[in-house]
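Read the figures in this text as sums done on the coordinates, not as results from a lab. A quick note: this is a predicted structure, and the numbers were derived from the prediction, not measured. Glycine gets a Cβ as well: all are built from the backbone with ideal geometry, and neighbour counts include every protein chain shown.
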Amino acid sequence: MEAAATRPRERAFLQRYGTLTAVLVVALAIIIWAYTASAQQTQAVLASTIRQSTPLVLGALCGLYGERAGVINIGIEGQMLLAAFIGFLANVYTGNLIVAVTAGVLAGAAMGLFLAFMSVTLKMDQIIGGTVLNILAFGLTGYFYQAGLTTQGKLQPIALGPLADLPLVGPVLFNNPPITYLTLLLVGISHYVLFYTRWGLRTRAVGEHPRAADTLGINVYKMRYINVTLGGALAGLAGAFLTLEAVGSFERSMTNGRGFLALAIMIFGKWTPLGSWGAALLIGVTYALNTQFQFLGLVDIPHQFIGTLPYVLTIVVLAGFVGRARPPAADGVPYEKE
Amino acid sequence: MRRVTVLLTTLLLFSLLLVACGGQVGNEPEAEPGAEVGTETEAEEEATEPAEEEEETEPAAEEEESEAAAEDDCASEEVFCIGLVTDVGEIDDKSFNQSAWEGVQAAAEELGAQTEYIETRDATDYGPNIALFGDNGYDVIVTVGFALGQATLEASQTYPDVDFIGVDQFVAPEAPEGWEGEWPPANVAGLIFPEDQSGFMAGALAGMLTESNTIAAVLGTDLVPPVVAFKEGYEAGARYVNENVEIISTYHPGGLDVAFTDPEWGASTAAQAIDQGADVVFGAGGKTGNGALIEVASHEGVYCIGVDTDQWLTVPEAHPCLVTSAMKLITPGVAELIRASHDGNFPNGNYVGDVGLAPFHDFEDEISQDAKDRLDEIKSGLESGDISTGYNPG
Amino acid sequence: MSIGNRNWADRLRTFWRGASIPLVAVALALLIGAIILVASGASPIAAYEALIIGAFGNTTALQRTLEKATPLIFSGLAVAFAFKAGLFNIGAQGQLLFGAITSAAIGFGVTGLPAIVHAPLALLGGAIAGGLYGAIPGALKTYTGAHEVITTIMLNYVAINMTDYLADGPLKDTSPGNIVARTPAILPSAEIPTLGPIPLGFVIALIMAAAAWWLLWHTTLGYEIRTVGLNPSAADYAGMRVAWTVILTMILSGLLAGVGGAVETQGVIGRYQPGFNVGLGFDGITIALLGRTNPFGVIPAALLVGAMRAGSSQMQFSADVATEIIDVILAILLFFVTADLVIRWLLRMRAPGVEEEQVTLSSGWGQQ
């Protein structure tokens, strides 16, 4: 790795994008090949990939906003779970899905605010803050959940006119329920905001070098509060996705580790929205393939081996192609004003 | 002054969380946590007040409250007490824990018995949780799930005067190594079900209903024998009526701890199956399966089949697609064994409970008379042994 | 005499300074828990009474508490130990599972040994398995730069699948009538006994905590680990083998988790069975944080959580309170223990001096 750092910039640049291009080309080739072999199955797998990656991308974006501003968030799981629960309750009692999604997002944001309060104002260790959120959400949702609550429907796919009739991309990309569309938009928006706006520049400055940012008149505390709360709202959206779009019901501990997976995906994506999206798609496609292999009865080995595929593949890709990732320099460090 | 603010803000935040949770359920989400005066204890109480309308309603909260007072009497001869230990999970799991508990309640109502349950949080607690009932003089202890089998057998020796009902616990023909005393133990009844037969009928219905000739099953984990039995039966049943049917089925790829509590995976997997032409989906795997059922409900022209109980009642969200459920009648089985224990004719060893398809409810008219006749035929064939599901555990 | 008195007063004051925050935090957490209980229509007095009886009411209860605390000490130590080198080991769960299944395999598979050899051998097997599984993320981090948070999370999933496969495949109990995925029972010679109400595993846990403490603060390796944790570039500059230290720390961390799994197999469960051992590794994070990543702090933290877990069944039995309230209380407790600002204000205590240990773990998030 040290050799890579001393290499001329252009070559490092080329090398980075060379791998990316190669991966994209190979992926595209595989998809086209699969599509010609079985259009229906390919569509099913890719649609499933988008579905399964949605909560993971949102969770990763949640972590991303916090960490770019210098606050580690390992409480994504808890934020998602509580938001899923609140969104579910709102759906049960109002029957209005828009209200329910809003309630979920607000619940996530409230959890984010609490994390910001712990890590910025109280200067608590941020890993502890996140753990508090996780346990708290698990306990509260488990304690207050009652059986026999029935939701009133879930978000349905919306076909985007003629786009939805395109082969392959139509059913996969342009016939999704609203939160899925929103997630795809949010990936792009987040990328733009973080890297091409003043706000993003300030956020990153606060995460990289808060002292310098402070000197330049940026309010470090405020930036961190807003970004962590914003991240919470995104985790809330992920929770809302689970109960209001994907499942339509709530169950105790239904996040099942997706928040932690999202954290891993964010790091895998090197703290960038597009990278996280790619990583989430990778996990999503392995989940979908996992199911597809079992459907087809293709391989005659215990399904536990196929079950490890997403995780082994992640490790291999990470170790082989992605390598060292550098977090924001001030990530995890409480900021003390002088 | 700053610290005062800090403390109050903290408490406020906690109260907000509580409001967020409690307010939805209770009637008074609005309260004023704004009055920030007084000692810190007062502030705390004020801050959390909004949630006070909260009420916890576990399925049997009422019964228990009235009975709690007399709890100590279980040791006496006159009071008949029934305890239930769940498998890891909750009493209101819309699945086997809940069905067994309903059986306990049904029997208790008839016999005027006292009931109590303990939800197991950690598998190493099976023994201690059973002991809690044993030590308190309970007369019958129901343990739910095959995983409690060993703990139940051990407890049956410690508490020879208690009758144990083990749901899904197959009592082996031979005593385990190192077993002392008679075999099978006189105070253990294993309530088991031929799930493969239930699955077979569900599969047969699916095989007749499908128009695309593709049917699917979304399952919990194969580490749990009843799930495997349901699956094997389902596939055999479908092929029995429809030789050309294509069956795509999949187990949850995770461990025991998540395989039954992952509705999102269930939903996503069901969608993936439907996307490639499946038009009947069998969801068999607790909450994971329920996720599959609810997903199917939003796809026009696709049927779903529930499992264990009549899920028409437990998963109302699935009404648009739920033709039937592959049932194992845990509730009446448990109730019957409790009655037998009460009357002094407790059957030990394995006790085979009933299985069958749940009513078709709204789909009564959609299923042809021919299909219904065929199902009746298959049911009697399975019962008489003329039809074999081909499932062979172990 | 007067000097002695002052000494005692000083000691008492020092003790109070150390213990006051956790104690007040426990009180506050129970208070807020009580408010939630009242709010949801339950009696906090009945609930807490049942909780205490269930955890300490008799020798069986006490033994249960210790049994519950034992694996938590191990996984807490595992997480805390890695934190000292700036590594966040979320993978204690996977390491613990491999430790548990390996010790079970040795426990039933190796025959003809006396207990004095067999039990330690199985324990050692568990330790090695956990250590090797911990070495993977360490080596990946060192040689490829793969972040341990990702790899340990992923390896947890791999471990669950692999141990499930083993318990349902090659290591499955094939005795007649068994259809359940589990290994055969371990031989009596591999069991870790219980001395009165005290499980020997608990004693082993205490010894391991002391060993971890000694290693961290009284050996060169420990110094290197802590230096790497505080500032890897400085450690590198000082000529320390940072890469090797990272791997070794992960091995030792995994080893602690692995022993925890082995003790659970040999002392409590008696075999390996999927569905047991769930969550113990994740609890390690909570325990390590509650114990301020200090090996000796881990012990009271694990005892507290163990007691709450052991008493929760009794609480549900006699007070009809859902056991999840335990987690709510735990979260609030963790908050107050860490947010000592709040408690210091309550007790009119001064802010911590330089010499007092401050908890900062996340500074090592992405270093090296």
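Side notes on the structure shown:
- Here the protein assembly as shown is assigned +1 on the Cβ of each Lys and Arg and -1 on the Cβ of each Asp and Glu. Its dipole about the Cα centre then comes out at about 7520 debye.
- Percentage of interatomic Cα-Cα distances in the protein assembly as shown larger than 39 Å: 46 percent
- Applied to segment B:238-250, the Karplus parametrisation 6.51 cos²θ - 1.76 cosθ + 1.60 on θ = phi - 60° returns per-residue 3J(HN,Hα) values of 5, 5, 4, 9, 8, 4, 8, 5, 9, 10, 10, 9, 8 Hz, with x for Gly and Pro.
- The convex hull built on the alpha-carbon positions of segment B:211-288 has an orientation-averaged projected area of 4.6 nm².
- Label-point separation in nm, C:Trp214 to A:Val316, each point 7 Å along Cα→Cβ: 4.4 nm
- Space enclosed by the convex hull of the alpha-carbon atoms of segment A:280-338, per residue, Å³: 112 Å³
- Annotation: amide H-H contacts under 5 Å for B:Gln114 (H modelled 1.01 Å from N, sequence separation of 5 or more, or interchain): B:Phe80, B:Cys81, B:Ile82.
- 3J(HN,Hα) from dihedral phi, segment C:70-79, Karplus parametrisation 6.51/-1.76/1.60, rounded to Hz, x for glycine, proline: 4, x, 5, 4, 4, 5, x, 4, 4, 5
- Note on segment B:286-383: dipole from Cβ charges, positive end direction compared against B:Thr314, B:Tyr351, B:Met327; the farthest Cα belongs to B:Tyr351.
- Directionally averaged projected area (convex hull, Cα atoms, segment B:165-248), nm²: 6.9 nm²
- Net charge, A:Ser48 excluded, C-beta distance under 15 Å - Lys, Arg +1, Asp, Glu -1: -4
- Here the Karplus curve 6.51 cos²θ - 1.76 cosθ + 1.60, taken at θ = phi - 60°, turns the phi angles of segment A:76-91 into couplings of 4, 4, x, 4, 4, 5, 5, 5, 4, 5, 5, x, 4, 4, 4, 5 Hz, with x standing for Gly and Pro.
- Toward the positive end of the charge dipole of chain A, with +1 on the Cβ of Lys and Arg and -1 on the Cβ of Asp and Glu, the farthest Cα among A:Gln79, A:Ala205, A:Ala69 is that of A:Ala205.
- With the simple model of a label 7 Å out from the Cα in the direction of the Cβ, B:Glu211 to B:Ser384 spans 3.5 nm.
- Using every pair of distinct Cα positions in chain C, the Kirkwood expression returns a hydrodynamic radius of 21.6 angstrom.
- Expected 222 nm ellipticity per residue - DSSP helices of 4 or more, -39500 (n - 2.57), all of chain A, to 500: -22500 deg cm²/dmol
- Taking 0.36 nm per residue of sequence separation and removing the Cα-Cα distance, the B:Asn244/B:His361 pair yields an extension gain of 39.3 nm.
- Euclidean distance between Cα centres, segment B:227-249 to segment A:271-317, Å: 27 Å
- Once the chain from C:Tyr223 to C:Trp244 is taken as fully extended at 0.36 nm per residue, the excess over their C-alpha distance is 6.2 nm.
- Assigned charges on the beta-carbon of Lys, Arg, Asp, Glu; segment C:66-206 dipole about Cα centre (debye): 220 debye
- Secondary structure note: in the protein assembly as shown, about 15% of the DSSP beta bridges are antiparallel.
- Relative contact order for chain C, counting Cα pairs under 8 Å that sit 6 or more residues apart, in percent: 34 percent
- Simple rule: put +1 on each Lys or Arg Cβ and -1 on each Asp or Glu Cβ in the protein assembly as shown, find the dipole, and look at A:Gln40, C:Ile269, A:Phe268; the Cα lying farthest toward the positive end is A:Phe268.
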